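Note sheet for the following structure.
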Amino acid sequence: MKSLIQELVETISPSGYEAKVRELIRTKIETLADEVQVDALGNLIAVKGGNESSAKRIMLAAHMDEIGIIATHIDEAGFVRFTTIGGVSRHTCIGGRVRFLDGTQGVIYYEKLENTSSLPTFSQMYVDVGAASRKDCPVRVGDVAAFDRDFSAYGDRVVSKAMDDRIGVAVLIETLRKLKKSPNQVYFVFSVQEEVGLRGATTAAFGLDPDIGIAVDVTRSGDTPKGHKMDVSLGSGPAIKVRDSGMLSDPKVVDWMVNTADDAKIPYQLEVLEGGTTDARAIQLTRAGVPAGCISIPCRYIHTPSEMVDLNDVKNAIELLLELISQEVELG
Ligand code: CO
Ligand code: ZN
């Protein structure tokens, strides 16, 4: 499991440029699914089970893109100016490193500030890739990069960039691997462009027209010094989402998840998230509406290059997902 997570998180694939991670995931799932396809936006979709015509269609979604930057301008001296892809925080940029799709690495720094106690804006920052002039610079306008940071394991706590949401991708891959058979037709969607507005899940959900939708993504935790007031902590089980700022989970889906976890004696937490949303919102609002919910992996330091999750939560999320999809579903 650790080596699968490491391979996934260390792959560079910002939103809109998911080809590398998509090919990696494809090699992991090709022999496990009944059918694998890629849609027009680049979503990777694997289907398994449910050969009866009465089978329920369940869409699972984990996004494979990550936040990053895109070059807007290269100056005469070879410094790269950039804007962000997704929710990049200025706090986490200075002195950090990025890696472009072609492997070019760079350091982020900033211009001299008038007020030294203020944080530089993105337009005051630049990437230094070691070039001495524009001619010499390997980066072109429009080139994209992700944050450059290796995977580490501190015991059961694992740390990397792009845990959001490659950890959800790992959960879906392992669930597919362990799913022997199912009365449901289960769609495993590895979605694109979540970080820029749930774009991949929007078209995938429309195309698949599911009966039920479940996203697997990270959520915040409230267990760090003077951190967010939130009743979710690392290691206390996957979080069953009740609400985030983009969605109220369908109460019938929440009950189904809670009852299934109780029956199977799987630890879980209930999640009310004040900022952020997931692919489940896009599924819920497709066509005439779909009952949807989300299983969240508690994560510290989201959208920094050092996102931390606990492997026990990952293991229990897989167990819960397997219980949910391998039995006939009747939403109360
Ligand atoms: Co995110
Ligand atoms: Zn995410």
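Summary of computed values
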read-out	value
Degrees separating the helix 19-29 axis from the principal Cα axis of the chain, which is the longest one	30
Fraction of antiparallel bridges per DSSP, the chain only, in percent to nearest 5	65
At R0 = 25 Å, FRET efficiency that the Cβ-Cβ distance of Lys229 and Ser306 yields, to 0.05	0.65
Reachable lysines from Lys28, criterion Cα separation under 22 angstrom, eight or more residues apart if same chain	Lys2, Lys20, Lys48, Lys161, Lys178, Lys180, Lys181, Lys315
Cα centroid separation - segment 192-243 against segment 266-330, whole Å	5
Local net charge near Phe122, Cβ-Cβ under 14 Å (Lys/Arg +1, Asp/Glu -1)	+1
Highest-MSF residue in the chain out of Leu198, Leu179, Leu113 [GNM, Cα springs under 10 Å]	Leu113
Within segment 156-209, trypsin sites (Lys or Arg not before Pro) in DSSP loop having at most 16 other beta-carbon neighbours inside 10 Å	Lys180, Lys181
Helix 199-208 axis, angle to the chain major axis (alpha carbon atoms, nearest 10°)	30
Sparse-neighbourhood loop sites, trypsin sites (Lys or Arg not before Pro) in segment 242-332 - DSSP loop, at most 12 other Cβ within 10 angstrom	Lys265, Arg287
The chain: most fluctuating residue of Ser89, Ser118, Ser249 per GNM, C-alpha cutoff 10 Å	Ser118
Gain upon complete extension [Ala288, Arg157; 0.36 nm per residue less C-alpha separation]	43.1 nm
Accessible surface, per residue, of the chain when the full set of protein chains is kept, probe 1.4 Å, Å²	43
Extension reserve of the Asp34-Arg140 stretch, reckoned as 0.36 nm per residue once the Cα distance is removed	34.1 nm
5 angstrom amide H check on Cys294, placed H, neighbours 5+ away	Ala215, Lys241
Cleavage-rule hits, trypsin sites (Lys or Arg not before Pro), segment 68-135, DSSP coil, Cβ neighbours within 10 Å at most 10	Lys112, Lys135
Sequence ranges 47-56, 20-29, 270-279, ranked by mean other-Cβ count within 10 angstrom, highest first	270-279, 20-29, 47-56
Computed label-point distance, nm, for sites Lys20 and Gln105 using a 7 Å Cα→Cβ extension	1.3
Student exercise, the chain dipole from Lys, Arg, Asp, Glu Cβ charges, in Debye to nearest 20	320
Length-normalised contact order of the chain in % [C-alpha pairs under 8 Å, at least 6 apart]	23
Percent carbon-and-sulfur accessible area, segment 221-264, ignoring ligands, DNA and RNA, probe 1.4 Å	49
Span from the segment 74-152 Cα centroid across to the segment 1-70 one, whole angstrom	29
Positive-end residue, segment 31-145 charge dipole about Cα centroid, Cβ charges, pick of Ser133, Gly86, Ala71	Gly86
Crossing angle, helix 251-264 versus the chain [Cα axis fit, 0-90 degrees, rounded to tens]	80
Helix-only CD estimate at 222 nm, as mean residue ellipticity for the chain, using -39500 (n - 2.57) per DSSP H run (n ≥ 4)	-7500 deg cm²/dmol
Gaussian network model of the chain, Cα within-10 Å springs - most flexible of Tyr126, Tyr154, Tyr301	Tyr154
Label-point gap, in nm, between Ala132 and Leu113 - each point 7 angstrom along Cα→Cβ	3.2
Surrounding net charge for Lys20, when Lys and Arg each add one and Asp and Glu each subtract one, Cβ distance under 13 Å	-3
Separation of the Gln327 and Ser89 label points, Cα + 7 Å toward Cβ, nm	3.9
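The values are calculated or read from the model by the stated rules, or taken from the named source; none is laboratory data. Just so you know, these numbers come straight off a predicted model, no measurement behind them. Cβ: placed from backbone, ideal geometry, glycine included. Neighbour counts: every protein chain shown. Ligands, DNA and RNA are excluded from the accessible area calculation, which covers all protein heavy atoms including side chains. Shrake-Rupley method; radii C 1.70, N 1.55, O 1.52, S 1.80 Å.
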